[in-house]
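Peer 1: The structure that follows is given in the form of structure tokens.
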Amino acid sequence: MSAVTGEVRGLRLTVRDLLEVPRFRLRLVAGAAGLDRPVRWAHSTELLDPSSYLRGNEVVLTVGASLSDPGRCVEFARAVSAGNASAIGYGIGDVTAQVPRALAEECERLGLPLLEVPQEVPFPSFTEWLAERLAATREERHDREEMGRLLGLVRDGLALPEALRDRVERAGLSGETLVAMAVPVRVLPEGVDAGVGGLLGFEDGTAVLVVDGEERAVTLAKTWSGPAGVGSPGRLKHLPRSISEACTALESARRSGGVVRAADLATFQVLLERLDPEWLTPFVDQIARPLADHDVAHSGRLVETLRAFLATGGSVGAASRSLDLHPNTLRHRLSRIEAITGRNPLSFEDRIALAVAMRAVPRS
């Protein structure tokens, strides 16, 4: 028996990927429903029940020495499935010339991929290949973490942007419109360096990528289909600010989804999103909730009126038209809002408090 362990997240390997490795020449016999299962290691065995030796996400390799009848085939498939393995690799030619039909039928029922392994492909080649892949992944990840630490030092002012000049030039970046983008590491596709052209670093689960041009960054972020923050473009000396903006924008993007740019950060909504929810509680308790309670008790429309008034920038005329009300009726409702909340909608500072309360309600 042999096994090679690895990190599923680091390898980012699935059964489907394994089928595409030319050297193995694997053929899918059954269990196509499980092709996206992650593969962490390979384990060869002739035990009828190897589940106690499995840790999950293995390809279990066997030549079928113990699978002498249909009942044993079913028992073996169920044991492998119970051990949370990702697939079975059946080596033909040593015991049987074909994959046993009973094994294929049970794997299909379980949604467990069953792969036919040619006789000339030795089982140790799987573990050797996975070991090589794991070593390369760990080395690459180490490089990314080192770059992530350096980008973090530049962002925090603990290292000068000039420390990145050689790396920027080696990456083929122009240095005129450098822009940082930040995304969760989990959304990056495998082989992300290919065709991207930039500096890539990992830090605390966040990937920071420096590329040429804001639109290039936005295009990449949309391609990866995850939350992303994009900083503003500039020369090398501007990079600390761009990295900081990208990380801040990613915080907002995690809540709202999509791509958030630096230009989107100077907005009222983003400011509220960055506040501790506890700071917004008084606005809800003292303003939003009393107005909502009043509407429920009196079949009123004060909340609707206030939202319309705020949406028109505090214009009585525009708000009354949007609500199809006489201006005097609107003014009467605004007076009721002031009486209930103690905030005058016609006062700029009080109107800010009222706007915060209305925006805070979905978060409370």
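The values are calculated or read from the model by the stated rules, or taken from the named source; none is laboratory data. Here the structure is a predicted model, which is why all the values come from computation and not from measurement. Ideal geometry is used to build each Cβ from the backbone, glycine not excepted, and the neighbour counts take in all protein chains shown. Note: accessible area is taken over every heavy atom of the protein model, side chains too, but ligands, DNA and RNA are not part of it. Shrake-Rupley method; radii C 1.70, N 1.55, O 1.52, S 1.80 Å.
Peer 1: What does the convex hull of the Cα atoms of the stretch 267-364 come to per residue, in Å³, rounded to a whole number? Write down the numbers at each step before the final one.
Peer 2: On the way: hull volume 9.2 nm³, N = 98.
With only Cα atoms used, the stretch 267-364 gives 94 Å³ per residue.
Peer 1: If ligands, DNA and RNA are left out, what is the accessible area of CYS247 with a 1.4 Å probe, given in Å² to the nearest 10?
Peer 2: CYS247 exposes around 30 Å² with every protein chain in place.
Peer 1: Each label point is 7 Å from the Cα along the Cα-to-Cβ direction; what then is the distance between the points at ALA131 and LEU160, in nm?
Peer 2: In this crude spin-label approximation the distance works out to 4.7 nm.
Peer 1: Sticking with this one: Counting only protein heavy atoms and a 1.4 Å probe, tell me what percentage of the stretch 41-85's accessible area is made up of carbon and sulfur.
Peer 2: The C+S portion of the solvent-accessible surface of the stretch 41-85 is 46 percent.
Peer 1: To continue, here is another question. Please give the per residue volume of the convex hull enclosing the alpha carbon atoms of the stretch 206-245, rounded to a whole number of Å³.
Peer 2: Details: hull volume 2.5 nm³, N = 40.
Taking only Cα atoms, the stretch 206-245 has a hull volume of 64 Å³ per residue.
Peer 1: Continuing with the same structure: The stretch 292-364 to the stretch 127-186: how many Å between their Cα centroids?
Peer 2: When both Cα centres are located, 51 Å separates them.
Peer 1: When 1/r is averaged over all different Cα pairs and the result inverted, which Kirkwood radius in Å belongs to the chain?
Peer 2: Details: mean 1/r = 0.0395 Å⁻¹.
Over the chain, the inverse of the mean reciprocal pair distance is 25.3 Å.
Peer 1: Extension gain SER347-TYR53, at 0.36 nm per residue separation less the Cα-Cα distance, in nm?
Peer 2: So the chain would gain 98.7 nm between SER347 and TYR53.
Peer 1: Residues with beta-carbon under 10 Å from that of LEU325, excluding LEU325: net charge, scoring Lys, Arg +1 and Asp, Glu -1?
Peer 2: Here the charged neighbours net out to +3.
Peer 1: Give the accessible surface of the chain per residue, rounded to a whole number of Å², with probe radius 1.4 Å and ligands, DNA and RNA excluded.
Peer 2: Result: 50 Å² of accessible area for each residue.
Peer 1: Hey, what number do you get for the chain at 222 nm if only DSSP H runs of n ≥ 4 count, each worth -39500 (n - 2.57), divided across all residues, to the nearest 500? Could the numbers behind the result be given before it?
Peer 2: On the way: 15 runs with 169 residues, N = 364.
Helices in the chain give a 222 nm mean residue ellipticity of -14000 deg cm²/dmol.
Peer 1: Another one. Relative to the longest principal axis of the C-alpha atoms of the chain, give the angle of the C-alpha long axis of helix 289-298, reported between 0 and 90° and rounded to the nearest 10°.
Peer 2: 70 degrees
Peer 1: Something else: Please list the radius of gyration and Dmax for the stretch 1-134, considering alpha-carbon atoms only, with Å as the unit.
Peer 2: 13.1, 39
Peer 1: While we're here: With a cut-off of 11 Å, note down the residues of the stretch 98-130 whose backbone N falls inside the zone around a label point 7 Å from the Cα of ARG27 toward its beta carbon.
Peer 2: Within reach of a label on ARG27: 98-99, 116-119.
Peer 1: Of TYR53, TYR90, which has the most accessible area and how do the rest follow, probe 1.4 Å?
Peer 2: The ordering from most to least exposed comes out as TYR53, TYR90.
Peer 1: How much of the DSSP beta bridge set in the chain is antiparallel, as a percent to the nearest 5? Numbers along the way, then the final one.
Peer 2: On the way: 20 of 35 bridges.
Antiparallel: roughly 55 percent of the beta bridges in the chain.
Peer 1: Kindly report, to the nearest 10 Å², the accessible surface of SER125 as traced by a 1.4 Å probe over protein heavy atoms only.
Peer 2: Looks like 20 Å² after rounding.
Peer 1: Further, regarding this structure: Against the longest alpha carbon principal axis of the chain, how many degrees, from 0 to 90 and to the nearest 10, is the axis of helix 327-341 turned?
Peer 2: Tilt of helix 327-341: around 70 degrees.
Peer 1: Keeping all protein chains in position, work out how much accessible area LYS222 exposes to a 1.4 Å probe, and write it in Å² to the nearest 10.
Peer 2: Accessible surface of LYS222 is approximately 130 Å².
Peer 1: Also: How much of the accessible area of the stretch 245-315, in percent, comes from carbon and sulfur atoms when a 1.4 Å probe is used?
Peer 2: Summing carbon and sulfur atoms, their accessible area is 54 percent of the total for the stretch 245-315.
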